[in-house]
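Undergrad: I am attaching a structure below and will ask some questions about it afterwards.
No lab work stands behind these numbers, since they all come straight from the coordinates. Since we're looking at a predicted model, the values are computed, not measured. A quick note on method: Cβ atoms are made from the backbone with ideal geometry, for glycine too, and the neighbour counts reach across all protein chains shown.
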Amino acid sequence: MAGKPGGTGVTMARRLLILHDSPDFGGHERMLLRLLPAVLDGRGGFDETIFCLPAVNRRLRAGLEALSPAPRLIEWPFVKRRGEPYLGRLRLRYRRAVRRLAEAVRPDTVLLVQGRIENLAVPMRALPRSTRLVSYLPMAHRLADMGRRGGVGDRVRRALYRRPDRFIVPSAAVASQVGAAGGVAPVTVAHNIVDPPPRTGRAQARAALGLPADGRTALFLGRLDTAQKGIDLLTGAIARAPEAGLRGWTFLFVGDGPGRAALERFAAESRADIRLVPWTDRPDLHLSAADALLLPSRWEGLPLTMLEAMAYRLPVLASDIDVYRLHLPAENIVDFAHADLTVALARLVEPDAADRFALHAARILDPLTLAAARARFADALIPENAA
């Protein structure tokens with residue numbers, strides 16, 4: 001596509017600069033790799049895309065290199081740190097590197113790939129105010145929404161939310177979060193999309209994973225982050241459950257994270273059949289083997305795991321938070337802190353309830369397409385579409 005005209009009448013190349021400063025590779029990065037082809041093929045309005053990422057994030061680099069065409073890659077040594085909203089002003093080498101990069105590339109738009117608004121706080125402050133910034137953000141909760149003291153922290157983040165010229169988010173729930181947190185720019189929803197492999201037969205999947213063939217399996221799949229993912233709420237619900245209700249159920253935790261050690265201690269002392277498995281490249285096999293997916297999160301953006309379970313028509317039992325209320329039936333929402341987990345699970349897997357969930361999942365997922373998500377993502381990046 002032709003670039004924008006320069007002052008001399010010469011056609012200037014239009015460039016998109018993408019910045020990333022996390023060492024992690026998760027659902028947000030996975031979805032970004034699925035959306036980028038709409039920008040890289042030239043139909044998105046840019047002649048060149050430059051992607052700057054931490055040298056330590058090898059998985060993200062491999063994913064970018066596999067795209068065709070691939071963006072031009074630049075590695076840098078900078079990664080997000082704790083306290084970035086407060087201490088980022090002191091990262092002078094990082095600030096200078098951002099300014100040099102912007103001067104060399106002269107981008108028409110800078111896309112910030114942010115896990116939270118404080119990620120890439122240094123570039124947000126270092127780039128000139130005239131630079132058009134678009135934030136691709138998976139969640140936008142205030143600290144107060146996360147059970148932490150808001151106060152100063154929310155005020156500092158409120159200033160960051162006011163910097164981007166546009167936000168791209170994965171769901172309407174996150175769009176509402178952006179406004180509540182202080183964002184004033186337009187918000188585009190490019191919905192997370194999943195396309196899991198064909199579901200393996202339950203008996204075959206259980207045999208492959210060494211799970212009981214004739215029992216029930218409740219699955220937790222993802223990062224073992226106690227605070228965000230509500231691991232403590234789930235283990236508390238298991239501990240409160242009557243022993244009779246636990247019989248016949250296996251609780252399978254698949255993932256890694258800071259809560260793993262506490263979970264291992266709980267599993268060793270629990271009356272329930274609890275099994276822990278490290279993260280796997282075959283989450284589809286565990287979803288195929290399960291009778292229910294457990295999502296006890298305190299806050300979320302739009303988890304790909306939930307969408308994958310819905311694609312498999314696997315019943316989901318989730319906590320009462322905005323994104324789950326938006327995507328799941330009321331009977332699939334529960335207060336993990338007080339509910340009888342085994343009663344909720346028994347109700348969830350009854351044939352009629354499972355059938356209702358399958359119909360609901362189809363109504364939610366069938367209208368969502370990757371082509372539409374890519375088009376909305378690419379459209380939000382083009383400066384002419386800023387209005």
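Undergrad: Given LEU17, ALA292, ALA140, which one lies farthest toward the positive end of the charge dipole of the chain, if we put +1 on the Cβ of every Lys and Arg and -1 on the Cβ of every Asp and Glu?
TA: Working it through, the farthest residue towards the positive pole turns out to be LEU17.
Undergrad: Out of all Cα-Cα pairs in the stretch 222-317, roughly what percent, to the nearest whole number, are more than 23 Å apart? Can you show the working numbers first?
TA: On the way: 979 of 4560 pairs.
Taking all Cα-Cα pairs of the stretch 222-317, the fraction more than 23 Å apart is 21 percent.
Undergrad: For an R0 of 45 angstrom, estimate the FRET efficiency from the Cβ-Cβ distance between ARG93 and VAL184 and round to the nearest 0.05. Mind dumping the intermediate values first?
TA: On the way: r = 31 Å, r/R0 = 0.69.
Plugging the Cβ-Cβ distance into 1/(1 + (r/R0)^6) gives 0.90.
Undergrad: Taking the dipole about the Cα centre of the stretch 202-365, with the C-beta of Lys and Arg at +1 and of Asp and Glu at -1, give me whichever of ALA261, THR226, LEU359 is farthest to the positive side.
TA: ALA261
Undergrad: Considering the options LEU87, ALA373, MET306, tell which one lies farthest towards the positive end of the dipole of the chain, charges being +1 on Lys and Arg and -1 on Asp and Glu at the Cβ, about the Cα centre.
TA: Highest projection toward the positive end goes to LEU87.
Undergrad: So for the chain, what percent of the C-alpha to C-alpha distances run longer than 35 Å? It would help to have the intermediate numbers written out before the result.
TA: On the way: 22534 of 74691 pairs.
Of all Cα-Cα distances in the chain, 30 percent exceed 35 Å.
Undergrad: So, one more: Using only Cα atoms, locate the centre of the stretch 336-355 and the centre of the stretch 67-102, then give the distance between them in Å, rounded to an integer.
TA: What the calculation gives is 46 Å, centre to centre.
Undergrad: Going by C-beta contacts inside 10 Å, put TRP279, TRP299, TRP249 in order with the fewest on the left. Mind showing how you got there, number by number?
TA: Values: TRP279 13, TRP299 20, TRP249 23.
Ascending number of Cβ neighbours within 10 Å: TRP279, TRP299, TRP249.
Undergrad: Taking every pair of Cα atoms in the stretch 202-365, average 1/r, invert it to obtain the Kirkwood radius, and report Rg/Rh to two decimals.
TA: Details: Rg = 14.4 Å, Rh = 15.7 Å.
Taking Rh as the inverse mean 1/r over Cα pairs, Rg/Rh reads 0.92.
Undergrad: Hey, fewest Cβ within 10 Å first, where do ILE364, ILE18, ILE382 land in order? Don't skip to the answer; put the middle values down first.
TA: Details: ILE364 15, ILE18 25, ILE382 18.
With the sparsest Cβ surroundings first, the list reads ILE364, ILE382, ILE18.
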